[in-house]
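Beneath this line is the structure, given in structure tokens, with notes to follow.
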Amino acid sequence: MDAQTRKKIIVEYYDTFAQKYGEEYKTTIAGRYFLKKKIRLAIQMCNFKPGDYILDAGCANGFFSLALAQKGFKVLGVDISKENIEECKRRAKALGLKNAEFMVADLENLEKIKDNQFEGIISFAALRYVPDVKKAAKEIYRVAKPGGRIIVDFPNKYSPWFLIFQRFAWKYILPQDKECDIHYTIRESKRFVQDAGFREIKVKVDFWIARTTSDTLAYPFIALDQVMSSLPLVNKLGGAILIKGTK
């Protein structure tokens, strides 16, 4: 599939479901756990401090952006879907958040953003859909301040979820995933960040729970997540590869 077709599929999906996507982040036990854990890992791994200017690269409809803004960070969220950005603005206004702004942008070309702007950059569940990840990583490097920290994630190609279970669950996840979702190895994920120019690379493989896990199964999966993520070697099979880097 060519790059423009992939982007068109992604945009059409998010434009259609901008108001509904990711509702489990606030309505389910697993979703709330998943959101809080990713935010906590981002802050801990990158040593973000309230007041830092954070770019949420591929912000969807704003769950991570708004959570960071509520913690006192200044946030700019960008996404390729216009409807996602409009939904972000509606949610920020409803929450009374004046430290969160949003705009439409393609991660492969952040032309509206000047060089050296952000103390921190996050990109969660976004680069997996970008046709040219190397180009996006270089753009992320360009807009980070010298000394700025980034954390990005990629789906782990060797996780049991992607190797075995996902093919049985297409109807429960994003319908575009089967065609557009690209999975990576730890080495590949790390190289994207290194080749863009970042240093002080740190890798953490984590998450043995899906945000879509039902409330009935949530607590057993939370326990599984906490145990498996702490076991040497086994934790390399977690669902998400998180890469931290410094400019």
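FYI, it's all coordinate maths here, none of it is from the lab. Computed from a predicted model, the values in this text were never measured in an experiment. Because the Cβ atoms are built from the backbone with ideal geometry, glycine has one as well, and the counts that use them run over all protein chains shown.
Taking a ≥ b ≥ c as the square roots of the eigenvalues of the Cα gyration tensor of region 177-238, is the shape rounded (a/c under 1.5), prolate (a/b larger than b/c) or oblate? The shape class here is oblate.
Highest GNM mean-square fluctuation, the chain, Cα pairs closer than 10 Å: which of 35, 233, 66? The residue with the greatest mean-square fluctuation here is 233. Note: relative contact order over the chain, using C-alpha pairs below 8 Å and six or more positions apart, is 21 percent. Does the chain classify as rounded, prolate or oblate by the C-alpha gyration tensor (a ≥ b ≥ c root eigenvalues; a/c under 1.5 gives rounded; else a/b over b/c gives prolate, otherwise oblate)? Rounded, since a/c falls under 1.5. From helices alone, the chain scores -12000 deg cm²/dmol at 222 nm; the rule is -39500 (n - 2.57) for each run of n ≥ 4 DSSP H residues, then divide by the residue total. For region 74-116, the square roots of the Cα gyration tensor eigenvalues, ordered a ≥ b ≥ c, give a/c of at least 1.5 with a/b no greater than b/c, which places it in the oblate category. Between 58, 197, 77, the residue with the greatest mean-square fluctuation in the GNM of the chain (Cα pairs under 10 Å linked by springs) is 197.
Taking a straight line from the alpha carbon of residue 190, these lysines sit under 16 Å away, with near neighbours fewer than eight places off in the same chain left out: 134, 135, 138, 157, 202, 204, 236, 244, 247. Of the GluC sites (Glu not before Pro) found in region 97-137, the ones in coil according to DSSP and having at most 12 other Cβ atoms within 10 Å of their Cβ are 111. Around residue 115, with a cut-off of 13 angstrom between Cβ atoms, what is the net charge of the other residues, counting Lys and Arg +1 and Asp and Glu -1? So the surrounding residues net to +4. Backbone geometry of region 30-47 corresponds, through the Karplus equation with coefficients 6.51, -1.76 and 1.60 at θ = phi - 60°, to 3J(HN,Hα) couplings of 5, x, 5, 4, 4, 4, 4, 5, 5, 4, 4, 5, 4, 5, 5, 5, 9, 6 Hz, x marking Gly and Pro. Backbone phi angles across region 141-158, fed through the Karplus curve with coefficients 6.51, -1.76 and 1.60 (θ = phi - 60°), yield HN-Hα couplings of 4, 4, 8, 6, 6, x, x, x, 10, 10, 9, 10, 10, 9, x, 7, 4, 9 Hz in residue order; Gly and Pro are listed as x.
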